[in-house]
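For reference, the structure discussed in these notes is given below.
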Amino acid sequence: MNPTTQEAFNQGNLRANAAYQSARRSVTINPITRLEGHGRIDIFLDDKGDVERAYLRVPELRGFEVFSLGRPAEDMPQITSRICGVCPTSHHMASTKALDDLYKVESTSAGRKIRELVYNTFILEDHALHVFVLGGADFFVGPEALPAQRNIVGVIGKVGLEAGKKVISTRRRLRELIAYFGGKVVHPVFGLPGGVSKALKPEDLPKFKQLAQDGLEFALWTLSVFRKLVHGDPVYLKMITSDAYTHKTCYMGMVDEQNKVNFYDGKLRVVDCTGKEVCKFAAQEYLDYVAEHTEPWSYMKFTFLKQRGWKGFVEGPDTSIYSVAPLARLNASDGMATPEAQAAYESFYKTLGGKPVHYTLANHLARIIEMVYAAERMVQLVNDPEITSPEVRRVPTSVPKVGIGVVEAPRGTLFHHYETDEKGLISKANMIVATGNNAARIAMSVDRAAKGLIKGGHVSEGLLNEVEMAFRAYDPCLGCATHSLPGHLPLKVSIYDHDRRLVQQLVQD
Amino acid sequence: MPYPAKVLVLGLGNDILTDDAVGLQVANAAHEALAGDPHIEVKATTEMGLALLDEIVDREAVVIVDSVQTGKAPPGHIHEIGPEDLPSLFATSPHFLGVGETLALGRLLGLAMPRQIRIFAIEVQDPFTLGTHLSAAVQQAVAPAVERVIAQAGEFAAMTTPA
């Protein structure tokens, strides 16, 4: 959509929102909770009162390119990390890698290891947050529990107070490691083209070794608790493997040379719904493999596999829709590069019926397996003699032109793409964020949940809860950043009849 | 100065997301006016969720200033929220944890949580566009919000237990 059309669309949408507000004739029930950003679901019924189509609409972060134009490329790791209070480290790292590429300079070996240490620490911390605070509450506390209990306080009630203290203190210590290198977690001054800004002092190493070890124990403990409470429970297992939460799409994830999962560096690999490799490409080639589709009902751009072409929201061996994030990364790889994570990976596919796994809710367990890998990788890195080397940066000398960087953010593949003039001032900037890569599959999940729960014009009680669980498993970040206090409309479901009249609205007041 | 100061004024927001910066701007403006008071510390942070816990632990009273988008008040309106509103308004915060949940969590973990809390939430117009200028209506709310934050912090400071 060009900027003028987009602006007109935005204005129209604002007016439509205002009209909905004033014309509201609806019941109000408990809403979506614990999602970052705000979403809106529109459900259109056919003449029989069944669901014709349900759409998830999300507010879009606007103005990224305009804001970036003319700024020095070196500022981008700081600017982009400030865009999102949820995954600042992912934006910072993707941006730093884009600068490496822009200046055609490779990080020194020690600089690369420090980046990888910080990045795996971030993944462990962020995944832990989701498991215990955001999504995992559905399982630890139970989907039937009252919303007021489906939160960290309820989780602590289930796993125990001591365990709760462990969660909070481990997370804090992991953030301290990130802050050691980058200063503020939200505004890190850390990644530079060709390396990092700070070396690890040998005298500080023992505490990081202890943290890595504790982090690994924490991840393995999380794995055992989740397996016991969730995957050991036939009711949950039935829900996880039910058709309502199953989609056969392609999967994308970054892999190393042995096709093992890697969050920091490697090639992007895509497999189809039978597990067969569709393509494997370097970040710099992403425009040959990934394209964006727009729909009139959403700001969101739906990415798809370019060489297959947009075929609509369909599943199966020929679909061009792919997903990202933990389950997709496991599916797109041949395994994990560390022993405990590899054992958990093998057990994951054994208990869930082979590879690839198509159950959206399996993302939660996949996320915990990634926590184990991230912690094991931290242990490896802090025990690498080179980690305390002072050689953390190589100063670039080439003339900049184009730079593309990619990382696996907790929520999936994240691309940053900059073009500059010869002085390094930005002339073009583009990002594809993880939730954009997942948008098509999320839309399918929402549609599926709505179709199962609305029949003949009757809306089942559990609608919001089921829809919520369907897309919370992706850990979507819906408006890459907004921080405004909610207390308002985290999610609003509007139901329209065959004549497109609003007949019901489910919101939070 | 006792550490940490008994009263915390905490501005929340994102400084490059247009109106979402309002909480930070109010805190920064209040900072100057409150600099002489040994019982009051003013901070502005772009962090959220669980990070709030680290900020409010061991404080006696906290004044939070943030942006809000209810769609039910004009941009620039200052919502004032006390503890009595917390369970209903913040228990289901989508930003990880609401203030109410954070307090409950802190108490559950045996941490010293503030006894007094007051939130000033300024209704915003546009928290989705990258930019560093507040929209006009929200800009106009800054000065009155600063005044109310300063008054509230002073009131809390007067109520704190003598050192």
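The values are calculated or read from the model by the stated rules, or taken from the named source; none is laboratory data. These numbers come from a predicted model, not from an experiment. Note: ideal-geometry Cβ built from the backbone for every residue, glycine included; neighbour counts use all protein chains shown.
Couple of notes before you dig in:
- Hey, A:N430 touching a Ser or Thr at 6+ places or on another chain (Cβ under 9 Å) and not hydroxyl-bearing (S, T, Y) or not: no
Matching residues to (1) within 10 Å of another protein chain (Cβ to nearest Cβ); (2) of a type in the set (K, R); (3) loosely packed, with under 14 Cβ neighbours inside 10 Å; (4) under 24 Å from A:V105 (Cβ atoms):
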| site | (1), (2), (3), (4) |
| --- | --- |
| A:R173 | no, yes, no, no |
| A:L177 | no, no, no, no |
| A:G183 | no, no, no, yes |
| A:L192 | no, no, no, yes |
| A:S197 | no, no, no, yes |
| A:L200 | no, no, no, yes |
| A:F208 | no, no, no, no |
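- Of all residues making up segment B:61-74, the number that are surrounded by fewer than 20 Cβ atoms within 10 Å (Cβ to Cβ) and either more than 12 Å from every other protein chain (Cβ to nearest Cβ) or in contact (Cβ under 8 Å) with a residue 40 or more places away in the chain (or both): 3
- Residues that are under 28 Å from A:N151 (Cβ atoms), modelled with pLDDT of 95 or more and over 23 Å from the mean Cα position of the chain (by Cα), drawn from segment A:168-220: A:L211, A:D214, A:E217
- Among the residues of segment A:104-125, those identified as surrounded by 24 or more Cβ atoms within 10 Å (Cβ to Cβ) and either outside any helix (DSSP H, G or I) or of a type in the set (S, T, N, Q) (or both) are A:S107, A:N120, A:T121.
- Search result, residues across segment A:197-241 that are basic (K, R), more than 18 Å from A:K166 (Cα to Cα) and part of a helix (DSSP H, G or I): A:R227, A:K228, A:K238
- The set of residues in segment B:21-60 being assigned to a loop (DSSP other than H, G, I, E, B), of a type in the set (A, V, I, L, M) and either at pLDDT 95 or above or surrounded by 20 or more Cβ atoms within 10 Å (Cβ to Cβ) (or both) consists of B:M48, B:L50.
- Flag for B:G98 being modelled with pLDDT of 85 or more and buried (at least 22 other Cβ atoms within 10 Å of the Cβ): no
- Annotation: of all residues in segment A:164-196 being β-branched (V, I, T) and assigned to a helix (DSSP H, G or I), the one that is nearest to B:T46 (Cα to Cα) is A:I178.
- Answer residue from segment B:115-139, given it is touching a strand residue (DSSP E or B) at 6+ places or on another chain (Cβ under 6 Å) and assigned to a loop (DSSP other than H, G, I, E, B) and is farthest from B:G100 (Cα to Cα) among those: B:F128
- Whichever residue in segment A:277-308 is of a type in the set (S, T, N, Q) and surrounded by 16 or more Cβ atoms within 10 Å (Cβ to Cβ) and, among such residues, is nearest to A:L61 (Cα to Cα): A:S298
- Hits in segment A:74-96 - residues which are among the charged types (D, E, K, R) and more than 10 Å from chain B (Cβ to nearest Cβ): A:E74, A:D75
- Any hit, segment A:251-265, residues being assigned to a loop (DSSP other than H, G, I, E, B), closer than 25 Å to A:S107 by Cβ and of a type in the set (F, W, Y): yes
- Any chance A:F140 is over 30 Å from A:Q284 (Cα atoms), crowded, with 16+ Cβ neighbours inside 10 Å and either more than 10 Å from chain B (Cβ to nearest Cβ) or more than 22 Å from the chain's Cα centre (by Cα) (or both): yes
- A:E408 touching a helix residue (DSSP H, G or I) at 6+ places or on another chain (Cβ under 6 Å) and of a type in the set (D, E): no
- Test: A:V225 is touching a residue at least 12 places away in the same chain (Cβ under 8 Å) and either of a type in the set (K, R) or within 12 Å of chain B (Cβ to nearest Cβ) (or both): no
- All positions within segment A:274-306 that are touching a strand residue (DSSP E or B) at 6+ places or on another chain (Cβ under 9 Å), at pLDDT 95 or above and of a type in the set (S, T, Y): A:Y286, A:Y289
- Residue within segment B:35-58 that is among the β-branched types (V, I, T) and in contact with a Lys or Arg (Cβ under 6 Å, 6 or more places away or on another chain) present: no
- Qualifying positions in segment B:20-54 - within 11 Å of chain A (Cβ to nearest Cβ), touching a helix residue (DSSP H, G or I) at 6+ places or on another chain (Cβ under 6 Å) and more than 14 Å from B:A145 (Cα to Cα): B:L53
- Listed here are the strands (runs of 3 or more DSSP E) enclosed by segment A:398-467 that have at least 3 residues being buried (at least 24 other Cβ atoms within 10 Å of the Cβ): A:402-409, A:412-420.
- When we screen A:G275, A:G266, A:G309 for residues that are small (G, A, S), in contact with a helix residue (DSSP H, G or I) (Cβ under 8 Å, 6 or more places away or on another chain) and more than 20 Å from A:A470 (Cα to Cα), the only hit is A:G275.
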